Structure formats: structure tokens, C-alpha cells
Amino acid sequence: VKELDLPKQLFLDLLSAFKQDVTKTRYRTFDEVLDYCRRSANPVGRLILLLFGYRDEERHRLSDHICTALQLANFWQDVAVDVDKDRMYLPLADLAAYGVTEAQVFSKTFDQNFARLLRYQVDRTRAIFLDGKALPSRVKGRLKYELRLTWLGGMRILAKIEQQNYDTLGKRPVIGTGDKLYLAMRTILG
């Protein structure tokens with residue numbers, strides 16, 4: 001930290017998110033979820049950029065979009081996994097807006113209301129990914145390819161959720177071998 005002049009606040013944010021994960025199992029609003037992402041995912045992206053020598057706010061802002069979107073994509077991918085741990089990142093306000101109850105989610109009962117709810121989450125997550133799309137082209141070397149692959153992988157998870165009609169209660173969407181080959185080719189070819 002001292003040698004590379006890394007901001008201590010990034011580590012404090014991570015620690016606060018880790019602590020929150022132990023105590024908070026529901027989120028009332030999307031803003032609460034975004035605040036969690038700001039402290040749990042975004043510091044990781046900023047630290048990586050700092051380790052590669054990128055200190056400007058524009059790249060860090062683009063990274064925040066990608067990291068937040070990755071965290072959200074993981075939440076939507078893992079709804080069933082999380083409810084098994086008595087945890088839910090779907091905002092309670094959004095559940096109410098789409099006519100979905102906590103009991104329904106925790107009993108893993110899929111219906112069209114849940115599909116509409118998750119479609120809404122996927123659509124806004126995709127928009128956040130798109131806000132960060134320029135980052136790979138603004139860095140050099142290996143990091144450019146790693147960030148491109150990360151971005152493409154996150155977008156692929158969203159596509160997988162769509163392909164199964166947004167039912168992440170019954171089956172967790174995963175990136176298979178074919179997807180990995182496709183993503184590797186897209187990463188290399190740009």
C-alpha cells in the first residue's frame with residue numbers, strides 16, 4: 001500500500017462490504033444494492049487499475065461501471081444460490097413493483113412476474129455494462145485483453161439469463177466450454 005501509494009479508503013470500503021455481508025441479508029432499494037457494489041466490487045477494479053499505473057478518474061469511473069455490473073450480473077445469476085443462504089439482493093421495492101413476494105423467491109416459485117422483475121434487473125445491468133465498455137480500449141497490454149474478456153463474460157451471463165427466460169430460481173446459468181471459446185475469440189479479435 002505504501003510502496004504503490006494505494007488509497008487506504010479502497011481497503012476500508014472492501015472491509016465494510018465484507019462486514020455488511022455478514023449482517024445484511026435484504027436490500028430495500030436498488031440504491032442500497034449499488035452502495036454495496038460501490039464498496040464490494042468497485043474497489044477491486046480501481047486497485048487493479050492502480051497496480052497497472054492508471055490513476056485518472058475517467059478510467060476509474062469506467063471501471064466502476066464494469067465492476068458494479070459484474071456484481072449485479074452475479075446477483076441475478078445466483079438468486080437461487082443466495083436464497084439458500086437466506087440472502088437476497090433483489091431490492092424489496094422492485095419485488096413489490098412487479099408483484100413478487102419474498103416468500104415466492106424463497107420458495108423458488110418462478111412465474112411471469114418474476115421473469116419481468118429479472119428482465120428489468122438484467123436490462124439495467126446491461127446499461128451499466130455499456131457505460132463501461134470503453135475501458136478496455138483505454139488501457140494497454142495484457143490488461144486490455146483481460147478487461148475485454150471480463151466485460152464480454154459479464155454480458156454473456158446476462159445473455160444466458162435471458163436464454164432461460166429469466167428463471168434463475170430453477171437453474172443457475174453458467175458459461176460453458178463453448179461460451180469460453182467464443183469469448184476468447186471475441187477478446188482476441190476485438
Helix 30-40 vs. the chain, principal-axis angle (Cα, 0 to 90°, nearest 10): 40 degrees
Per-residue accessible area for LYS85 at 1.4 Å probe radius, Å² rounded to 10? 130 Å²
Cα long-axis angle, helix 141-163 against the chain (0 to 90 degrees, to the nearest 10): 10 degrees
Would you please state which residues of the range 16-53 a label at LEU6 would reach in this model, taking the label point 7 Å out along Cα→Cβ and a backbone N cut-off of under 11 Å? 44-52
Excluding ligands, DNA and RNA, what is the solvent-accessible area per residue of the chain at a probe of 1.4 Å, expressed in Å²? 52 Å²
Tell me the trypsin sites (Lys or Arg not before Pro) within the range 1-57 that lie in a loop according to DSSP and have at most 16 other beta-carbon atoms within 10 Å. LYS2, LYS24, ARG26, ARG28, ARG55
Once you sort the root eigenvalues of the Cα gyration tensor of the range 1-93 as a ≥ b ≥ c, which label holds: rounded (a/c under 1.5), prolate (a/b larger than b/c) or oblate (the other case)? prolate
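What is the magnitude of the charge dipole of the chain about its Cα centre, with +1 placed on the Cβ of each Lys and Arg, -1 on the Cβ of each Asp and Glu, and no other charges, expressed in debye to the nearest 20?
580 debye
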At SER137 and ARG38, where each label point lies 7 Å from the Cα along Cα→Cβ, what is the point-to-point distance in nanometres? 2.9 nm
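Using the structure shown, select from LYS19/LYS144; LYS133/LYS180; LYS108/LYS133; LYS24/LYS133; LYS108/LYS160 the pairs with a Cα to Cα distance greater than 22 angstrom.
Too far apart for the 22 Å limit: LYS19/LYS144; LYS108/LYS133; LYS24/LYS133.
When only Cα pairs under 8 Å and 6 or more residues apart are kept, what is the percent relative contact order across the range 49-184?
The normalised contact order for the range 49-184 reaches 34 percent.
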Which one, THR68, ALA134, SER16, projects farthest toward the positive side of the charge dipole computed for the chain from Cβ point charges (K/R +1, D/E -1)? ALA134
Please report, as a whole percent, how much of the solvent-accessible surface of the range 52-91 comes from carbon and sulfur atoms (probe radius 1.4 Å). 48 percent
Quick check: at a probe of 1.4 Å, how many percent of the accessible area of the range 108-190 sits on carbon and sulfur atoms? 55 percent
With a/c under 1.5 counting as rounded, go ahead and sort the chain into rounded, prolate or oblate using the C-alpha gyration tensor (a ≥ b ≥ c being the square roots of the eigenvalues; past the cut-off, prolate if a/b is larger than b/c, else oblate). oblate
Accessible heavy-atom area order of GLU162, GLU3, GLU57, highest first, probe of 1.4 Å: GLU3, GLU57, GLU162
How far apart, in nanometres, would the label points at VAL174 and GLU102 be if each is projected 7 angstrom from Cα along the Cα-to-Cβ direction? 3.1 nm
Which of ALA97, ALA115, ALA41 ends up with the largest GNM mean-square fluctuation for the chain, with Cα atoms connected below 10 Å? ALA97
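The values are calculated or read from the model by the stated rules, or taken from the named source; none is laboratory data. Note that the structure is predicted; figures quoted are calculated from it, not measured. Note that each Cβ is placed from the backbone with ideal geometry, even for glycine, and that neighbours are counted across all protein chains shown. These accessible areas exclude ligands, DNA and RNA; they are computed on the full protein's heavy atoms, side chains included. Shrake-Rupley method; radii C 1.70, N 1.55, O 1.52, S 1.80 Å.
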